[in-house]
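Engineer: Structure below; questions to follow.
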Amino acid sequence: MRFSLVLKVLSIIILISGSAMLLPLPFSFYYGDNDYIALIISSGIAYVIGLPIYLLTSRKKEDIRIKEGFAIVSLGWLTFTLIGSLPYMFSGVTSSFTDAFFETMSGFTTTGATILKDIESVPHGILFWRSLTHWLGGMGMIVLTIAILPFLGVGGMQMFKAESPGPTVDKLTPRITATAKILWGVYIFFTFIETALLCLSGMNLFDALCHSFGTLATGGFSTKNASISAYPSPAIHYIISVFMIIAGINFSLHYKLLTGKIRDFFSNSELRLYLSILAISTILILIQVMLHHYETISEGIQFSLFQVVSIMTTTGYGTADYEQWTLTSQIILLILMFVGGCAGSTAGGIKVIRLLILLKFANNELKRLLHPNAIVDVKIGKKLIDRKIIVNIAGFFIIYILTTILSVLFVSSFDIDLATSIGAVSATINNVGPGIGMVGPTESYSHLPDVIKWFLSFLMMLGRLEVYTVIILFAPSFWRK
């Protein structure tokens with residue numbers, strides 16, 4: 001492990017964080033808030049820490065190896081969170097470092113779980129920073145760093161492998177820098193389009209930007225206490241629903257669609273299953289809510305579609321208190337938390353591609369029982385799935401579910417009821433945000449003990465970095481030469 005190289009990249013991350021803290025300043029000045037002081041001080045501290053480290057470690061041009069790649073991804077996320085929590089603390093928005101760390105980790109991991117009780121009382125600069133942490137974390141801040149690192153003399157193939165969501169990395173171009181730039185180009189394009197549409201539908205520019213950041217990052221931080229239900233306009237609900245669906249799709253597929261490869265887009269097996277699950281779940285919940293809650297079919301479609309999309313894409317925005325819905329509807333939403341979006345999207349969860357491969361593998365095993373001599377391979381489209389990938393996915397699934405069960409037991413041991421324990425763990429490890437019980441869509445995480453907030457923060461990072469990337473750091477062999 002070359003620690004000087006790791007420190008070099010971490011210093012770059014600190015400097016990027018410090019620079020990003022200056023972006024909310026125009027809104028602080030425009031709305032006459034005094035949070036600009038906290039943002040400037042936080043940015044200054046980031047530069048005071050980051051610049052000397054960078055100057056001391058930037059002499060050599062070295063490629064990142066696998067060990068450094070994994071270390072940088074996890075430590076980079078922690079670094080972002082530690083530095084990113086400074087504006088909350090200096091502005092007085094949070095009452096403790098624990099709350100500031102939780103809110104920042106929730107932002108960068110695009111979880112959207114909050115400890116804030118009165119969001120609308122928070123100064124606009126801090127609100128913008130809060131939403132910006134979503135947007136920066138959305139496609140993985142490490143990917144952005146990869147787009148810059150080559151100019152600083154550091155290569156990053158292993159980091160992209162460690163950071164990119166999903167079981168395999170689908171490269172769009174041979175060069176990793178070009179790939180990162182393409183992904184961010186698509187990301188910025190959709191952010192701009194959604195912001196424009198929300199403004200045309202009645203939102204002011206500040207709210208439109210913040211909600212676009214939260215949508216494309218599948219984050220869920222809102223500028224309103226009532227989340228999206230604060231806007232009664234069906235147009236706003238449907239615009240955000242559409243862009244949440246877009247954010248839950250593999251971004252390499254969006255690139256193919258935007259470059260005219262329409263057949264490649266619609267023939268994708270994972271996309272088809274993703275859209276099918278969304279459609280079936282919406283219909284099932286629509287039937288439930290029409291029987292018990294809504295009088296018109298248009299209302300039923302509007303609210304059931306929004307909540308299904310919001311939960312499955314792990315965005316976490318709310319237009320309805322789904323805890324008032326039937327138990328069946330709540331169970332469906334809980335399952336969707338674990339399903340998540342497509343690999344290569346900004347969504348959390350297990351990912352649709354993993355479930356698709358496991359389902360195909362299970363189906364093949366049944367065929368093998370009926371026909372012992374048959375040679376049955378797992379294929380996604382025309383692509384043969386390597387046995388190693390299937391084993392990796394099976395291992396991931398077991399670790400993921402086992403971690404969830406053990407986490408529920410741990411949280412419930414602090415005299416927290418079972419529904420809240422399940423809701424909090426499911427919502428954080430899957431990067432959803434709102435859960436069930438005392439952390440439901442109308443509640444916050446502020447009442448939880450500090451030790452639980454730290455534990456849930458760890459689960460957010462574990463889920464965001466897809467378990468293996470974090471767990472590997474705890475293996476003694478990882479740190480040996």
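Engineer: Answer yes if at least one residue in segment 150-160 is buried (at least 24 other Cβ atoms within 10 Å of the Cβ), outside any strand (DSSP E or B) and at pLDDT 50 or above, and no otherwise.
Structural biologist: No, the conditions are met nowhere in segment 150-160.
Engineer: Could you list all residues from segment 92-105 that are hydroxyl-bearing (Ser, Thr, Tyr), more than 16 Å from Ala20 (Cβ to Cβ) and in contact with a Leu (Cβ under 9 Å, 6 or more places away or on another chain)?
Structural biologist: Quick first cut of segment 92-105, residues hydroxyl-bearing (Ser, Thr, Tyr) only: 94-96, 98, 104.
Still in the running and more than 16 Å from Ala20 (Cβ to Cβ): 94-96, 98.
Scanning segment 92-105 gives a single hit, Thr94.
Engineer: A follow-up question, please. Being of a type in the set (Asp, Glu), surrounded by fewer than 22 Cβ atoms within 10 Å (Cβ to Cβ) and not in a helix (DSSP H, G or I), is that true of even one residue in segment 316-331?
Structural biologist: Yes, some residue in segment 316-331 is of a type in the set (Asp, Glu), surrounded by fewer than 22 Cβ atoms within 10 Å (Cβ to Cβ) and not in a helix (DSSP H, G or I).
Engineer: Can you confirm whether Ser227 is within 20 Å of the chain's Cα centre (by Cα), at pLDDT 95 or above and surrounded by 14 or more Cβ atoms within 10 Å (Cβ to Cβ)?
Structural biologist: The answer is yes for Ser227.
Engineer: Which residues, counting only those in segment 24-59, are among the charged types (D, E, K, R) and over 16 Å from Leu132 (Cβ atoms)?
Structural biologist: From segment 24-59, those among the charged types (D, E, K, R) are 33, 35, 59; that's our starting set.
The one that is among the charged types (D, E, K, R) and over 16 Å from Leu132 (Cβ atoms): Arg59.
Engineer: Quick check, is Tyr238 among the aromatic types (Phe, Trp, Tyr), at pLDDT 95 or above and more than 23 Å from the chain's Cα centre (by Cα)?
Structural biologist: no
Engineer: Go over the candidates Thr428, Thr420, Thr404, Thr469 one by one and state the one that is modelled with pLDDT under 85, assigned to a helix (DSSP H, G or I) and β-branched (Val, Ile, Thr).
Structural biologist: Details: Thr428 fails: modelled with pLDDT under 85; Thr420 fails: modelled with pLDDT under 85; Thr404 fails: modelled with pLDDT under 85.
Within the list Thr428, Thr420, Thr404, Thr469, the selection yields Thr469.
Engineer: Please find, among Ser252, Ser304, the residue that is touching a helix residue (DSSP H, G or I) at 6+ places or on another chain (Cβ under 8 Å), crowded, with 20+ Cβ neighbours inside 10 Å and more than 30 Å from Ala180 (Cα to Cα). Steps first, answer last, please.
Structural biologist: Values: Ser252 fails: more than 30 Å from Ala180 (Cα to Cα).
When all the criteria are applied, what remains is Ser304.
Engineer: Being of a type in the set (D, E, K, R) and in contact (Cβ under 8 Å) with a residue 40 or more places away in the chain is the filter here; which residues of segment 345-360 pass it?
Structural biologist: Lys351, Arg354
Engineer: In the list Ser4, Ser28, Ser106, Ser42, which residue meets the criterion of being in a helix (DSSP H, G or I) and either of a type in the set (Phe, Trp, Tyr) or within 22 Å of the chain's Cα centre (by Cα) (or both)? Show your work before the answer.
Structural biologist: Values: Ser4 fails: either of a type in the set (Phe, Trp, Tyr) or within 22 Å of the chain's Cα centre (by Cα) (or both); Ser28 fails: either of a type in the set (Phe, Trp, Tyr) or within 22 Å of the chain's Cα centre (by Cα) (or both); Ser42 fails: either of a type in the set (Phe, Trp, Tyr) or within 22 Å of the chain's Cα centre (by Cα) (or both).
Matching residue, one of Ser4, Ser28, Ser106, Ser42: Ser106.
Engineer: How many residues does segment 32-49 contain that are touching a residue at least 40 places away in the same chain (Cβ under 8 Å) and not hydroxyl-bearing (Ser, Thr, Tyr)? Break it down into steps so the answer makes sense when it comes.
Structural biologist: Within segment 32-49, the first condition is being touching a residue at least 40 places away in the same chain (Cβ under 8 Å), and the residues that meet it are 33-39, 41-42, 45-46.
If we keep only those that are not hydroxyl-bearing (Ser, Thr, Tyr) too, we end up with 33-35, 37-39, 41, 45-46.
The number of residues fulfilling the criteria is 9.
Engineer: Still on this model: Sort out which residues of segment 369-421 are surrounded by 11 or more Cβ atoms within 10 Å (Cβ to Cβ) and hydroxyl-bearing (Ser, Thr, Tyr), and write them in order of number.
Structural biologist: Residues satisfying the conditions are Tyr400, Thr403, Thr404, Ser407, Ser412, Thr420, Ser421.
Engineer: Something else: On the basis of being closer than 22 Å to Phe213 by Cβ, in contact with a Pro (Cβ under 9 Å, 6 or more places away or on another chain), hydrophobic (A, V, I, L, M, F, W, C) and in contact (Cβ under 8 Å) with a residue 40 or more places away in the chain, does Met105 make the cut?
Structural biologist: Numbers: closer than 22 Å to Phe213 by Cβ: yes; in contact with a Pro (Cβ under 9 Å, 6 or more places away or on another chain): no; hydrophobic (A, V, I, L, M, F, W, C): yes; in contact (Cβ under 8 Å) with a residue 40 or more places away in the chain: yes.
Here the answer is no, as Met105 does not meet what is asked.
Engineer: Any residue in segment 187-203 that's under 14 Å from Trp135 (Cβ atoms): show its pairings with residues that are part of a helix (DSSP H, G or I) and among the basic types (Lys, Arg) at Cβ separation under 7 Å, as long as the two are six or more apart or on different chains.
Structural biologist: Qualifying pairs under 7 Å: none.
Engineer: Quick check on segment 422-457: of everything there that is in contact with an Asp or Glu (Cβ under 9 Å, 6 or more places away or on another chain) and under 14 Å from Leu333 (Cα atoms), which residue is surrounded by the most Cβ atoms within 10 Å (Cβ to Cβ)?
Structural biologist: So the residue we want is Pro434.
The values are calculated or read from the model by the stated rules, or taken from the named source; none is laboratory data. What you see is a predicted model; the values in this text were computed from it and never measured. Glycine gets a Cβ as well: all are built from the backbone with ideal geometry, and neighbour counts include every protein chain shown.
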